[in-house]
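Novice: Please find one structure pasted underneath; my questions will follow.
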Amino acid sequence: MIDSITLKGVASYSADTPATFQTNGKKVNLFYGLNGSGKSTLGKFLQSIDDEKYTNCLMVPLQQQEDILVYNQDFIRNNFYEIPDFQGVFTLSETNHAVELAIEQATTELTNIEKEEESIQKKITSKRRDIAIEEESLKESIWKSKIKYERTELNFCLDGFKRKDTFLQKVKLSKGDTTATFDSLIAEAKELSGQDGVLKPSLPQITFDVSELEASPILSEIIVGSKDSYLSSLIEKMNNSDWVKTGLSYLKQDEPCPFCQQDLNTSIIEAIEQLFDDTYQSKQDEIKILYERYQAVINKIESTLSTSIYTFDNELNDYGFESKKDLLISTLKSNLKQLEDKHINLSKVVKLTDTSPYSEDVNLALSMIQADIDIFNKKITNKKSHLNRITNCFWSILSAQSHALISAAESKVNDINLQIDALREQLKINKESEAEQKSVIIENRKKITNIDLSISKINQQLSDLGLLGFQIEKTSDDEQRYRIIRTDGKGEDVYNSLSEGEKTLISFLYFLECSTGTVTEESAVVLNRRIIVIDDPISSLSHNYVYDIASLIHHKVLQAEFKQVFVLTHNLFFFHELLMLKSPRGCPSGYKLYRVTKSKFSQIKDLKRDELQNDYQMYWQIIIDCKSNPDYAHMLPNAMRNILEHYFNFIHKKEALKQALETLGESESEFKPLFRYINRGSHSDSINLIDFEGIDIDKYISKFQQVFEATGFEDHYYNMMGLEKPIIPAISEVVSKDFEAKLIK
């Protein structure tokens, strides 16, 4: 038994959103839908489930095609069109208890085998569902990695893999070793994208030479005043010539000594000044020049290293450049301070620090930074290849991180597949047993089957339906085929002379015989294995035959021992009859109802019996639906015509309708074709075609409303449209309500 059917990407069914319905284990499934809604596609799918155009459609569990028999236009075309005769139907006709017992036992065994097969198929379906759940769980788990990195600099690595299935496949296939990390790839990608193709400038080495200044001999000299002064021995003994030199500037004539605050005579002042002669002064000037040169070097170095070229962002490793630069400058400034001290205190011996190791450290750091810049610039120059490398590393890391998760999932799936293989082996054994039992049925049926009984049944049913002008007979004694003949013996091409309704009737009666028989002696007929599909059997019939066909289907199909039945129709009366024959109210036990609708795409939805509307109500519903759904526009004129025919025929106001349509047609020339179309009736003559493409729905409904207003029955229009009614004339109200009550009843 079919549990569910999914239609997708075929005919009027969406390629993106599948239409799925569940049978809930019901044997009888009745479908109602307007013409063009998508019913026939369901029948055609069940008729040709292996056709490649139904690749995206699904039947659960899968049934053998040989067990599905479909009545539709294809069946009629394949069996009756352009052929002088058609295959006979082999049915049981003789009584042979031994043969019947053998067939019964084989049929029972087949039923048991089928139950076991269904059980196995359900297990396989369940296992496949487990695989799907496992695969979906794996997809979701791996997908989280995509979400984690899609808003980072590595988002470009995800291009082309932003669907869960393709993302998982990429992770599975991306094998490879790499020492990179996601953080390092993010940093590298940020460099490449952030620079926007701009190369980093090169870093010049700092060049200066202060070794001569730092090793100057004068720095180790003890510079004191001249020995020509009689005070020189005293000053030397006191070792305070720098102090005296500093105080010399404070010596002035006629003022006390700045040292002892005693009056000084001229000879003492001269003696002090004689201490600091030209030699002393030249030494001091030499130290001053040394200081100034050293100061200039420091200023140049500081100025150079403070330029933007030596300022690095956080993404570039500076290899300690900043600290080494600071240490170099601080050492230079420390030496400068000692030179300043020497200039002030010439007698002081100073030793400057050798700064060459510090400058070498700075240049070493610059060399290492330059090496990184060279690498970066090379990447920028060949950006695409580096981005490709980053992408490959990204997927390799992701694959490595996901390896355990993927392996665990694949291991589970492999185990489940092994279980499925074992179940398939059981099915294979069952199929062999099934073939054996079918062989028993076939061999025994040959002994008691022929096509004569089916001929008799079809002819009797034709007679019961009042079709007495033709019947079927065997083509000859040695051929197991039928042909249609006239009862009066006239004419040879009988089939092509039949009306469409007569062709439909005889083809359907033939189908009913096929459903319980077989067109070849080499087939085994097991009713409880057959699924019967009947698509609109009254599409070309008058209403006189609706009850007869419904009764035939009820007794010969729905009440028979078939495995499952699907009946599809556009006719509400026929749909009601199938239900009424089983139960006067509610949904009969073992039945399930569906509605097939089409807006942009077809949909199949469950239907409750109390949701059914009669034909008259359905035509009004089409008009209401057209106001919100332009896809129904092509149905609007026909719905209008049927409503007006039903209503005005019922209230015996056909002449009033005709007069109103003629009057409106004269005053509304734009809509004259519509009014003429409505006024002609459904089948007034053999030419009944009209083109209403591109109609203005609101205007057409407005003209439809005017028909009711012109005849005095606008109250009925408002009521059926679900609109607020104006003041209604008493006579119209009585007639309208009486009509509505009787129609709906």
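Novice: In segment 33-43, what residues are buried (at least 21 other Cβ atoms within 10 Å of the Cβ) and modelled with pLDDT under 90?
Specialist: Those that are buried (at least 21 other Cβ atoms within 10 Å of the Cβ) and modelled with pLDDT under 90: GLY33, SER37.
Novice: Identify the residue in segment 422-470 that is in contact with a Lys or Arg (Cβ under 9 Å, 6 or more places away or on another chain) and at pLDDT below 80 and, among all such residues, is surrounded by the most Cβ atoms within 10 Å (Cβ to Cβ).
Specialist: ILE451
Novice: On to the next question. Out of segment 303-325, which residues are exposed (fewer than 14 other Cβ atoms within 10 Å of the Cβ) and part of a helix (DSSP H, G or I)?
Specialist: SER303, SER308, ILE309, SER323
Novice: Restricting attention to segment 70-110, which residues are assigned by TED's automatic domain parsing to the domain that holds ILE455, at pLDDT 75 or above and crowded, with 18+ Cβ neighbours inside 10 Å?
Specialist: Result: VAL70, TYR71, ASN72, PHE75, ILE76.
Novice: Looking at PRO61 and the list (1) touching an Asp or Glu at 6+ places or on another chain (Cβ under 8 Å); (2) at pLDDT 90 or above, which single condition is not satisfied?
Specialist: Unmet condition: (2).
Novice: For GLY176, which of the numbered conditions (1) at pLDDT below 85; (2) among the small types (Gly, Ala, Ser); (3) farther than 30 Å from SER308 by Cβ; (4) in a helix (DSSP H, G or I) fails to hold?
Specialist: Unmet for GLY176, out of (1) at pLDDT below 85; (2) among the small types (Gly, Ala, Ser); (3) farther than 30 Å from SER308 by Cβ; (4) in a helix (DSSP H, G or I): (4).
Novice: Which of the residues that make up segment 166-203 are touching a residue at least 24 places away in the same chain (Cβ under 8 Å) and more than 30 Å from LYS144 (Cβ to Cβ)?
Specialist: Across segment 166-203, the qualifying residues are GLN195, GLY197, VAL198, LEU199, LYS200, PRO201, SER202, LEU203.
Novice: If you check LEU154, LEU168, LEU158, which single one turns out to be surrounded by 12 or more Cβ atoms within 10 Å (Cβ to Cβ), of a type outside the set (D, E, K, R) and within 19 Å of VAL413 (Cβ to Cβ)?
Specialist: LEU168
Novice: Condition check: at pLDDT below 85 and acidic (Asp, Glu). Does GLU140 satisfy that?
Specialist: No; evaluated as a whole, the condition is false for this residue.
Novice: Only one residue in GLN295, GLN281 is closer than 15 Å to PHE208 by Cα, surrounded by fewer than 18 Cβ atoms within 10 Å (Cβ to Cβ) and not small (Gly, Ala, Ser). Which one?
Specialist: So the residue among GLN295, GLN281 that is closer than 15 Å to PHE208 by Cα, surrounded by fewer than 18 Cβ atoms within 10 Å (Cβ to Cβ) and not small (Gly, Ala, Ser) is GLN295.
Novice: Let me ask something additional. So, ASN317, is that one at pLDDT 85 or above and polar (S, T, N, Q) or not?
Specialist: So ASN317 does not fit the description; no.
The values are calculated or read from the model by the stated rules, or taken from the named source; none is laboratory data. Since we're looking at a predicted model, the values are computed, not measured. Neighbour counts are summed over all protein chains in view; Cβ atoms, including those assigned to glycine, are modelled from backbone coordinates with ideal geometry.
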